[in-house]
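Asks: My questions all concern the structure below.
Derivation of every value follows stated rules applied to the coordinates shown; laboratory data play no part. Treat the numbers as computed from the prediction; the structure is a model and nothing was measured. With ideal geometry, Cβ positions are generated from the backbone for all residues, glycine too; neighbour counts draw on all protein chains shown.
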């Protein structure tokens, strides 16, 4: 029979078993951590009506979208988790309790031009808090704590959460009479990291057509650095000149006020007046998260405050704050940089039970005891030579092999071989379960990411 | 602004928060239980090349598929998890270790005509064991143990795993000279449950055009009932007449031999000669799982042994055995029948911290302590009346509310209110964490499903 070549589309991540285990571990950690902050899991369809999904319309998004018809229906695959959230909240408004806090880890689709490290199908891991009419600033203050605990829990140490407030920027531009150029200025300032201060200054003068003194003002403002206290002190000098600025500064003060009680060390936090986030809908606090040793990756967790989540669907004013991790891309980078820890067990099983007698009964019983005690156990019964059986465990890095021959059966014990140390010991089934659980537990206590 | 009506496509499940929590709990239990049997998680793209996905081609499937083009690519959404598994195993053959045991819980897509309880996007939860060239019968023997532990863990008690072997059926038809009518007979016998024995007998004579005595033979065979021992005894009388039959009987004996050691009570297991599974590719043991009190649902977990997983992609012979749970449909039925337990906490948080003072610092600290101790905690800081705050907890069924006023702050304690009993007590933050964890732990120890 003619064969079809089994291939996976380019731009679609498909992992081998050990890597998939690492990915699952990360997802589970995210689920657990988001849950600790009172976020409820949400799952929405990957397919939506095009009319609903593209209500906002236009732009790059529409070009990248997977859109198709089925029968009379004009359908599309979701390209982010925010639009489906807006739809969900608007559609179920009467059935939800606000503030509504949800996390969602799901695949989204963008038909971008394929290139290394870019994906057409990728997981986003989002959290959002949606208020009904209003939403207290404390929700914005809590976000850095969630980012911090999430990345710490994954195993990261050297990262920094950058925080700014769009009202401070807008207020600043307004007090300098540059309000109508604010967007252009922000896009130019965004290049600071890449091209440096001097080139940004020249661009502001040559391309944005600013007066040199005004450009200087912008550069001075963006150069404000220091501890939170120092930055807030420097910003307070601009107080009283613009109501929006003052509001933004008050919010920034509120966001930084409880960092200590939230358990966020100052070393992992920085007010950064240069970040603005491209998306138009952010209206208050904005967040980015940078890996100290890998600035080239860019922000691994970003988001911000918005005032109008679902304006395309409802007249209700639904302000919110949220952040998103591009999980597939993050995983890809961690894999590339060899930052995924090998310590947690990524084998399909913790123990492989190999019966050495014709009657498999005792081996089955042993496997049942181990499983009841929470040991992930595979029973190996293929008709192979002993060496091939051991090699099966070895190749998959299964940590323990349990041999069960006539002697063991007679004595009611198991021979447990630690595949890492090579040591072997004889234990009763329940002793073996406790022993393996302890060893595996120690390995699994290690973080997913090593730094 | 003109609004787009926020709607979810019909045939697509979208749950409210409390129900979504119940669904997540079930998925997590499935992941844990499959893992205990040494299955590794797998994730494959939802989109595949149409050529790859439809390599087998034809049939109902092709009509239901979501197929579309993007640029030059002819793409389709997966309609099951088996074809992607076949592709995966064929594509990564050299990188996998066999037997390859994987579980996969993922969404699949079928553009069926929408009707109540039928979904166009639904989760399947599959496990498969794939051998390279051969696969020992013990893999088939283990499947009932996995089905049993899975449903028990979910909370089901009254269910029965029905097992048959296609070789027994094929051998029986062959020894009766009905081999070429085997397919038609099986489809007719499949109606036994619905229309009864007498009508099946008539259909066999009138429509399948069997001689009355032959139809009688079939009916006698299908009527074989009893304990495993009794059924195997009855079947043994057919031994020696057909090699395929004998092989099938030996396999059935092997599959039933270790039920006790696998921990499967006979009450939850039955040899059932009437089941065949429609799919052509099953070649040996077949499985169905029936809810004793809800036979109308049909099988909630089915599968079987197949000899050729990936023949459309590779010359390698890859036999396997697998089962699948139609998770979305199962959840829908459980919801409809009010079989989902309310005992496990399905609120977004275990505790809601309500600060009663202007300074939120102490409340933030308390929330941080609770979270560090594993209590899912929400900090409630919206500017609302006290009653509205309590109502927020109440509506979402958050089990504990923690009040933090000036007295509590001064004394370094928390007022913990049990929202179920209405009782209130004063505890230090770490006492409160331990107290809440214990209460929540007891509730979460309850099963997801009540019977």
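Asks: Give the shape of region A:351-444 as rounded, prolate or oblate, defined through the alpha-carbon gyration tensor: a ≥ b ≥ c are the square roots of its eigenvalues, a/c under 1.5 means rounded, and otherwise the shape is prolate if a/b is larger than b/c and oblate if not.
Replies: Oblate.
Asks: Please pull out the direction-averaged projected area of region A:154-303, using the convex hull of its alpha-carbon atoms, in nm² to one decimal place.
Replies: Projected area, direction-averaged: 9.0 nm².
Asks: Moving on to the next point. Looking only at region B:429-451, which residues have a backbone nitrogen under 18 Å from a spot 7 Å from the Cα of residue B:372 in the C-beta direction?
Replies: Label zone hits: B:429-437.
Asks: P(r) of the protein assembly as shown in 20 Å steps, Cα pairs, percent per bin?
Replies: Going out from 0 Å in 20 Å bins, the protein assembly as shown shows 13, 42, 33, 11, 2, 0 percent.
Asks: What number, in percent, do you get for the relative contact order of chain A if the mean sequence gap of Cα pairs under 8 Å and at least 6 apart is divided by its residue count?
Replies: 17
Asks: Using the beta-carbon distance between residue A:157 and residue B:394 and R0 = 56 Å, what value does 1/(1 + (r/R0)^6) give for FRET efficiency, to the nearest 0.05? Show your work: numbers first, answer last.
Replies: Working: r = 41 Å, r/R0 = 0.73.
Calculated transfer efficiency: 0.85.
Asks: Okay, moving on. For region A:201-227 and region B:28-62, what is the centre-to-centre distance using only Cα atoms, to the nearest Å?
Replies: Centre-to-centre (Cα) distance: 54 Å.
Asks: Taking 7 Å along the Cα-to-C-beta vector as the label spot, tell me the residue A:113-residue B:230 distance in nanometres, rounded to one decimal.
Replies: It is 7.3 nm.
Asks: With angles folded into 0 to 90 degrees, how steeply does helix B:429-444 sit against the dominant principal axis of chain B? Use alpha carbons for both and round to 10.
Replies: Orientation of helix B:429-444: about 30 degrees from the principal axis.
Asks: On the first, second and third principal axes, largest extent first, how far apart are the outermost C-alpha atoms of region B:49-118 in Å?
Replies: If we take the Cα atoms of region B:49-118, the spans are 41, 35, 21 Å.
Asks: Report, as an integer, the average count of C-beta atoms from other chains found within 10 Å of each Cβ along B:136-142.
Replies: Numbers: counts 7, 1, 8, 3, 0, 4, 5.
Taking all residues of B:136-142 together, the mean is 4.
Asks: What are the nm distances, shortest first, from residue A:199 to its equivalents in the other copies, labels at 7 Å along Cα→Cβ?
Replies: 7.9
Asks: If you don't mind, another one. Can you give the angle from 0 to 90° between the axis of helix B:17-36 and the longest principal axis of chain B, with both taken from C-alpha atoms, to the nearest 10?
Replies: 60
Asks: What whole number of Å gives the distance from the Cα centroid of region B:236-280 to the Cα centroid of region A:361-375?
Replies: Here the answer is 23 Å between Cα centres.
Asks: Right, next: Rank-order A:359-371, A:401-413, B:295-307 by packing density, defined as the average count of other C-beta atoms within 10 Å over each peptide's residues, highest first.
Replies: The densest-packed peptide leads the list: A:359-371, B:295-307, A:401-413.
Asks: Can you bin region B:103-199 into rounded, prolate or oblate? Criterion: square roots of the alpha carbon gyration tensor eigenvalues sorted a ≥ b ≥ c, rounded for a/c under 1.5, prolate for a/b above b/c, oblate for the rest.
Replies: Values: a/c = 1.65, a/b = 1.23, b/c = 1.34.
Note, shape of region B:103-199 comes out oblate.
Asks: Separate question: Please average, across the residues of B:348-355, the number of beta carbons from any other chain that are within 10 Å of each residue's own beta carbon, and give a whole number.
Replies: Shielding by partners across B:348-355 averages 3.
Asks: Oh, and also: With the crude spin-label approximation of a point 7 Å out along Cα→Cβ, what separation in nm comes out for residue A:385 versus residue B:254?
Replies: 2.2
Asks: Right, next: Which of rounded, prolate or oblate describes region B:26-177 when judged by the alpha-carbon gyration tensor and an a/c cut-off of 1.5?
Replies: rounded
Asks: May I ask you to compute the full-extension gain from residue B:308 to residue B:80, defined as 0.36 nm times their residue separation minus their alpha-carbon distance, rounded to one decimal in nm? Mind showing how you got there, number by number?
Replies: On the way: separation 228, 0.36 × 228 = 82.08 nm, distance 1.68 nm.
Taking 0.36 nm per residue and subtracting the Cα distance, the gain is 80.4 nm.
Asks: Take every DSSP beta bridge whose two residues both sit in chain B, then give the antiparallel share in percent to the nearest 5.
Replies: On the way: 48 of 62 bridges.
About 75 percent, rounded to the nearest 5.
Asks: Distance in nm between label sites at residue B:426 and residue A:338, each 7 Å beyond Cα in the beta-carbon direction?
Replies: It is 5.9 nm.
Asks: Moving on. Quantify how strongly other chains surround peptide A:89-95 by giving the mean number of their Cβ atoms within 10 Å of each of its Cβ atoms.
Replies: Across A:89-95, the average partner-chain Cβ count within 10 Å equals 3.
Asks: Does anyone have the angle between helix B:243-257 and the longest principal axis of chain B? Alpha-carbon axes, 0 to 90°, nearest 10?
Replies: The answer is roughly 30 degrees.
Asks: Return the Rg/Rh ratio of chain A with Cα-based radii and a Kirkwood Rh.
Replies: 1.07
Asks: Let me ask something else. With both partners inside region A:351-444, how many of the DSSP beta bridges are antiparallel, as a percent to the nearest 5?
Replies: 50
Asks: Students often check this: by mean Cβ neighbours within 10 Å, which of A:64-75, A:265-276 ranks highest, and how do the rest follow?
Replies: Descending packing order for the listed peptides: A:265-276, A:64-75.
Asks: Where in region B:291-310 does the amide nitrogen come within less than 15 Å of the point 7 Å from the Cα of residue B:247, taken along Cα to Cβ?
Replies: It comes to B:305-308, nothing else.
Asks: May I ask you to report, in nm to one decimal and beginning with the shortest, the distances from residue A:243 to the same position in the other copies, taking label points 7 Å along Cα-to-Cβ?
Replies: 9.3
Asks: Only helical DSSP H runs with n ≥ 4 go in: add -39500 (n - 2.57) per run for the protein assembly as shown, normalise by residue count and round the 222 nm mean residue ellipticity to 500 deg cm²/dmol.
Replies: -12000 deg cm²/dmol
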